[in-house]
């Protein structure tokens, strides 16, 4: 695999407007070939997405999704820039697919890693630093291992970092970037809530075997 230089990443970024990490990934996937990397970014819908990311998105939709059986429900707000785009079928389909994604991801609690409170990262670090498998490792090695585990854990909590359920080769973030390229507007997931039937209710525990034994004893009297 060709070595990917910072200069090459910068050149691709200037040509496409894509983010640095997206450019690096594109070059890695295409052995440093600039032309192929540009095509790869276009196929992923990433090239124009970064340029639109800073624009205000105050329109959009609040949509719901109820999973079969009525045991899981989702409310999600996805924003775009204009009411015109909000009323397009492609945007409605995107919002519904995001709602379905949330329903399928019980561990997801935040839209992005950037939204995760610092105290959660601190708590995860405390847990990881105390694990037995790190006990004999040097502090600098331990720190790197722990940091990698924390980053992995935080991504598990982030909606945008999840593999898209209908195409595992892309993340939800890349799905949204494809929609941005298609619809020509900034699109952002603002917030969501996931409902699970009975969640938080203390259910009365019953011992079926004991109940049967008690009933049998009564019948035998």
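The numbers here are math on the coordinates, done by the rules we state, and not lab data. Everything quoted here is computed from the prediction, not taken from an experiment. Cβ placement follows ideal geometry from the backbone for every residue including glycine, while neighbour counts extend to all protein chains displayed.
Computed values, structure above
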quantity: Cβ-Cβ FRET estimate between residue 193 and residue 121, R0 fixed at 25 Å, reported to 0.05; calculated: 0.65
quantity: Space enclosed by the convex hull of the alpha-carbon atoms of the range 59-202, per residue, Å³; calculated: 153 Å³
quantity: Order of 149, 71 - criterion: other Cβ atoms within 10 Å of each residue's Cβ, fewest first; calculated: 71, 149
quantity: Ranked list, fewest to most other Cβ atoms within 10 Å of each Cβ, for 37, 112, 5; calculated: 5, 112, 37
quantity: Rounded to whole Å, sorted largest first: equivalent-ellipsoid semi-axes of the range 6-47, Cα gyration tensor; calculated: 12, 11, 8
quantity: Neighbour-count ranking [beta-carbon atoms within 10 angstrom, fewest first] of 3, 128, 77; calculated: 3, 77, 128
